[in-house]
Amino acid sequence: MNKFLETGTILFLLLWIVFVYVLYMLPEDNASEAKAFPNSDTDISIEYELEIARGRQISLLDDESSINPLNLTCKPESFGYTLEEALFLFPNVTYPRCEEQYISSPEAFYINRTDNTLHMNCTGKVALGFLEANEEFGKYWYYDRLKDYNGEPLALETEEYAFGTCDISKWSNFEHVAYKLRPNKESLQRAKNSLRGKPINIVMLVIDSLSRRMFFRKLPKSVEYLNSIAKNVSIFDFKLHHVIGQNSQYSFMPTFYGDIPIVVSEYMQGDLYYDVSIWKYLHERGFVTMMGMDNCDNNLPQFIGRKPKVDHKMGSIWCAASAQYGYSETSKRERCIGNKNAHAWMMDYILDFSETYKNVSRYTYMHIDTAHEETGTVVSTIDLDLKKFLEEFFSRDEDSILFLMGDHGMRYGEWFKSKDGSHEHKLPLLLIMAKDRVLEKIPNSSKILLQNTNRLLSKFDFHTILQHLGNYPDLESHREEIRTKTSKRLTTYNWFTDYVPDNRTCEDAGIPIFWCGCKSFIEITEDKNSEIFQNLTKSVIEVFNTENHIYYRWKKTICVKLHLNETKYIGKLEDEDLDYYKIKFTIKEKESAMFEVIVRLSRDPIEKHESEYFSVHKIDFGEMKFFNIMNVNRLDSYDSICKEKIIKRKFDPTYCICDENDFKRKSLNTTNGNNSGKQ
C-alpha cells in the first residue's frame, strides 16, 4: 500500500513538472494573447506587461482579427478598403525628393540664434519671415520683406524663418530656406516656476485625412521602423479610434477645450476659449506649449481663433510659402519649401522645440496636411521623413509620449461615396508611443492601454487624458474632477488608467449617429413599397442619372439611364432633426446589379460643407424636405465588359451601367475591320 502511494506521489509530481514546463514553454504569441485582454485590473508584473506590448507587432489587418472575436457593443461593419481595392484606387506613386530640386545645405544658409543673424554663403537677396508679434494662423497676404545680401551676416529682429537666393534675377522659388525656433525666456521662466515634478514631453502629431489602413498601406518604412523600435519604447495601435464629425474641427475642439458649444466666425481673433483651453491648464503645471498648422486658410482659425495663447506658433510660413513657392496644402504632388517637404520642416521644429525647453515639460500639437488631397498617393512622401523623425525623437533621453494620429480618414474625391471609403473616414490612425520609463510610473498602464487598443474611443477622451498627463507623474490626483471638467453629459476615459467598457456605445462616446461606424439601421418592412419610399428611391436613381449626364455633358455618355426595378430593403436611423435611410434596390437595365445607398433627409437646408459629395435636392416626403446621398455601395460583383471603359474615363463605375451589347458590337466591328485590312 505504501509503495502504491509512493508511486502515485512520484507520478503526480512528474505530471506537475511537465505541466509547469509546458506552460513555461508556450510560444510568446500565445502568452501575449492570453494576457492581452484581462478581465480586471489585478496587478501583474510591469516588466511582463511591457514585454507583451513590445512583442506585439502592428499590422494593417489586425483590426478585423482583433475586434471581430470580441463581445463588443460597437463593431464596425467595415474597417475600410481591402488591399486589392486600395491598390486599385490609390496606386503606389514615387514622387521626386525636394533635395533633388533645390540644392542647399545647412552651412549655405542659416540663422545664428546666438547673435541673432542670418548667414548665406554668397551674395544675392533674402526674403525675411514675419516678426514674432505678427505670428498667427489663418489666411493673409504675405508681403515680401526683400533685402539685398552683400555677403555679410544680416542682423535680424524677431524673425524665425527666411528665404534666400544667390541668383539676383529670381523673385520666387529661392533655393535656400532657414527656420530656427526663437526661445521665449518668459515662457521658460513661467514653466520652471510652476513645474510640479519630472518634466515630460507630450507630442500630438496629427496627419490630416489619414485613416489607420492608409497609414499601413502607404508608409511601409515607418511601419518597419516601429516594428523594430528599441526596447525602451512601447507602441499601442488603437483600432476603434473614432471620428465625431466630418472635418478637423470635430477632432481638435474636444481635444483642446472639452465638451463646449462651438462658435464659428470667419474673423475670429485672439483666443476665445483660452480659459478652458488645454494649454492654459498645462501652463499652470510647468509646460511650455507649441502649435503648428501647415495651411494658409481660415478652416481652423475660424474655430479656435487666429492667435491661440500657446508659447510658440508655426503658421505664417505657409502663407509666405504660398507666395514664394506656390505652396498649397491640397497639392497633388510633393510640397517642397526649398530642399525639404513642408512636413519635414514641421517635424524638425518639434525636435528644436523639444531640445530648447528640455528642462521643463512640453506640449506640442502639430497638424500636417500631407494626406489632405484627393489622389490618396501624396501621403507616401512623408514616409522617410517620419521614420527619421521617430528615430531622432525616441533617441532623446527624456520622459516622452507621442500620439501619432489622423483627425479623420480621407474625405476628398469620389472615395467617400463608397461604404468602405466612408468607414475609413470614420476610423483614423491612432498610435500611442510611450517611453517605458513613463509607463512604469503609471501603475498597470501598459496592461490597460493594451486592452483599450480594441475598445471604442472618443475625441472627448483626449481632453481628459491631457489633463491627467499635465499632472505627470501623479495621474491619480483629481480624477473625477478632471472627468467632469471635460464633460458633464458624457463619461470620458483616460486610456492609461481606465478600462474602456466593452458596452460603450457611440451615444456614450459623444459620436453623432451618422458618424458611428457600428450603428445598425432598423429595417422598415411594412411600407417599404409605399409611394413615399418608392418616390425616395426613384429620386436617388434620378440623382445617378443626373450625375452621369453632367459628367459627360461634353460628349455622349456611355452610361444608360436607370429605372427602378425593385426595392429590396429600407432601414432607418433617427438623429434629432435628421433622418438617415439605407436603401437596397435593383434596376431594370441590369437586374443583377444591387445598390446600397445611404440618404440623409432634413427639414432644414443642408449646409454646403456637409453635402460636397452629392448635391442637395428637395423631395416631397409627406412634407417638403431636403435630401442628399451620403454614400453608395454596390453589393453585386460588377466586373463587366464596360467597367474598364468607365474607369479609363476617370469615372466611378459604382452607379454607371453601360450598354454591354453596344461594346460587344463595337469590339466585333473593330475585330472585323482589322481582319479585313489584313486580307
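Exactly one of (1) touching a residue at least 60 places away in the same chain (Cβ under 8 Å); (2) over 24 Å from Lys426 (Cβ atoms); (3) not in a loop (DSSP other than H, G, I, E, B) is unmet by Lys488. Its number?
Single failed check for Lys488: (3).
Of the conditions (1) within 20 Å of the chain's Cα centre (by Cα); (2) part of a loop (DSSP other than H, G, I, E, B), Pro254 fails just one. Which one is it?
Answer for Pro254: the failing condition is (2).
Please go through (1) out of contact with any Pro (no Cβ under 9 Å at 6 or more places or on another chain); (2) surrounded by 14 or more Cβ atoms within 10 Å (Cβ to Cβ); (3) touching a residue at least 24 places away in the same chain (Cβ under 8 Å); (4) not small (Gly, Ala, Ser) for Asp167 and return the number of the only condition it doesn't satisfy.
Going through (1) out of contact with any Pro (no Cβ under 9 Å at 6 or more places or on another chain); (2) surrounded by 14 or more Cβ atoms within 10 Å (Cβ to Cβ); (3) touching a residue at least 24 places away in the same chain (Cβ under 8 Å); (4) not small (Gly, Ala, Ser) one by one, Asp167 breaks only (2).
Since Asn134 meets every condition but one in (1) over 22 Å from Ala342 (Cβ atoms); (2) in contact (Cβ under 8 Å) with a residue 12 or more places away in the chain, which condition does it not meet?
So the condition that Asn134 fails would be (1).
Since Lys147 meets every condition but one in (1) in a helix (DSSP H, G or I); (2) without any contact (Cβ under 8 Å) to a residue 40 or more places away in the chain; (3) surrounded by 13 or more Cβ atoms within 10 Å (Cβ to Cβ), which condition does it not meet?
(1)
Quick test for you: out of Tyr274, Tyr349, Tyr327, pick the one residue that is of a type in the set (Phe, Trp, Tyr) and surrounded by fewer than 20 Cβ atoms within 10 Å (Cβ to Cβ). Talk me through it step by step, then tell me what you get.
Values: Tyr349 fails: surrounded by fewer than 20 Cβ atoms within 10 Å (Cβ to Cβ); Tyr327 fails: surrounded by fewer than 20 Cβ atoms within 10 Å (Cβ to Cβ).
Step by step, each of Tyr274, Tyr349, Tyr327 is checked, and only Tyr274 is of a type in the set (Phe, Trp, Tyr) and surrounded by fewer than 20 Cβ atoms within 10 Å (Cβ to Cβ).
Which one of the conditions (1) in contact with a helix residue (DSSP H, G or I) (Cβ under 8 Å, 6 or more places away or on another chain); (2) under 30 Å from Lys307 (Cα atoms) does Tyr143 fail to meet, given that it meets all the rest?
Unmet for Tyr143, out of (1) in contact with a helix residue (DSSP H, G or I) (Cβ under 8 Å, 6 or more places away or on another chain); (2) under 30 Å from Lys307 (Cα atoms): (1).
What about Phe514, is it in the same structural domain as Asp407 (by TED's automatic domain parsing) and within 30 Å of the chain's Cα centre (by Cα)?
Details: in the same structural domain as Asp407 (by TED's automatic domain parsing): no; within 30 Å of the chain's Cα centre (by Cα): yes.
Criteria not met by Phe514.
Quick one: which helices (runs of 4 or more DSSP H) lie wholly within region 36-97 and hold at least 2 residues that are of a type outside the set (A, V, I, L, M, F, W, C) and modelled with pLDDT under 75?
Working: elements: 46-55, 62-67, 83-89.
Qualifying helices (runs of 4 or more DSSP H): 46-55.
I need the full set of residues from region 557-590 which are modelled with pLDDT of 90 or more, under 35 Å from the mean Cα position of the chain (by Cα) and of a type in the set (A, V, I, L, M), in order please.
Across region 557-590, the qualifying residues are Ile570, Ile583.
In the set Asp474, Asp508, which member is acidic (Asp, Glu) and surrounded by 15 or more Cβ atoms within 10 Å (Cβ to Cβ)? Break it down stepwise before answering.
On the way: Asp474 fails: surrounded by 15 or more Cβ atoms within 10 Å (Cβ to Cβ).
Within the list Asp474, Asp508, the selection yields Asp508.
Restricting the search to region 188-222, which residues are among the aliphatic types (A, V, I, L, M) and in contact with a Lys or Arg (Cβ under 9 Å, 6 or more places away or on another chain)? Steps first, please.
From region 188-222, those among the aliphatic types (A, V, I, L, M) are 188, 191, 195, 200, 202-207, 210, 214, 219; that's our starting set.
Once the filter is applied, which keeps residues that are among the aliphatic types (A, V, I, L, M) and in contact with a Lys or Arg (Cβ under 9 Å, 6 or more places away or on another chain), region 188-222 yields Ala191, Leu195, Ile200, Ile202, Val203, Leu210, Leu219.
From the list Ser187, Ser209, which residue is more than 29 Å from the chain's Cα centre (by Cα) and under 23 Å from Gly315 (Cα atoms)?
Values: Ser209 fails: more than 29 Å from the chain's Cα centre (by Cα).
Going through Ser187, Ser209 in turn, the sole match is Ser187.
Sort through Thr497, Thr537, Thr546 and tell me the only one that's part of a loop (DSSP other than H, G, I, E, B) and either assigned by TED's automatic domain parsing to the domain that holds Tyr581 or without any contact (Cβ under 8 Å) to a residue 60 or more places away in the chain (or both). Walk me through how you get there before you give the answer.
Values: Thr537 fails: part of a loop (DSSP other than H, G, I, E, B); Thr546 fails: part of a loop (DSSP other than H, G, I, E, B).
Selected residue: Thr497, the only one of Thr497, Thr537, Thr546 that is part of a loop (DSSP other than H, G, I, E, B) and either assigned by TED's automatic domain parsing to the domain that holds Tyr581 or without any contact (Cβ under 8 Å) to a residue 60 or more places away in the chain (or both).
Could you count how many residues in region 375-408 are over 16 Å from Ser234 (Cβ atoms) and of a type in the set (A, V, I, L, M)?
Residues that pass the stated criteria total 6.
Out of the residues in region 223-248 meeting the condition of being of a type in the set (Gly, Ala, Ser) and assigned to a loop (DSSP other than H, G, I, E, B), tell me which one is surrounded by the fewest Cβ atoms within 10 Å (Cβ to Cβ). Don't jump to the end; show me each part of the working.
Within region 223-248, the first condition is being of a type in the set (Gly, Ala, Ser), and the residues that meet it are 228, 230, 234, 245, 248.
From the residues that got through so far, the ones that are assigned to a loop (DSSP other than H, G, I, E, B) too are 228, 230, 245, 248.
Values: Ser228: 8, Ala230: 10, Gly245: 19, Ser248: 24.
Only one residue tops the list, namely Ser228.
Examine region 429-437 for a residue that is of a type in the set (Gly, Ala, Ser) and under 18 Å from the mean Cα position of the chain (by Cα), and state whether such a residue exists. Please lay out each step first, then the result.
Of region 429-437, the ones of a type in the set (Gly, Ala, Ser) are 434.
Of the ones still in play, those that are also under 18 Å from the mean Cα position of the chain (by Cα) are none.
Within region 429-437 (the criterion being of a type in the set (Gly, Ala, Ser) and under 18 Å from the mean Cα position of the chain (by Cα)), the answer is no, since none of the residues qualifies.
Which numbered condition in (1) more than 30 Å from Asn68 (Cβ to Cβ); (2) in contact (Cβ under 8 Å) with a residue 60 or more places away in the chain; (3) among the charged types (D, E, K, R) is the only one that Asp271 fails?
That leaves (2) as the condition not met.
I'd like to verify a number: residues in region 309-354 that are within 22 Å of Asn299 (Cα to Cα), in a helix (DSSP H, G or I), in contact with a strand residue (DSSP E or B) (Cβ under 7 Å, 6 or more places away or on another chain) and of a type in the set (Phe, Trp, Tyr), how many?
Adding up the residues that qualify gives 2.
The values are calculated or read from the model by the stated rules, or taken from the named source; none is laboratory data. These figures come from a predicted structure and were not determined experimentally. Note that we place each Cβ from the backbone using ideal geometry, even for glycine, and neighbour counts take in every protein chain shown.
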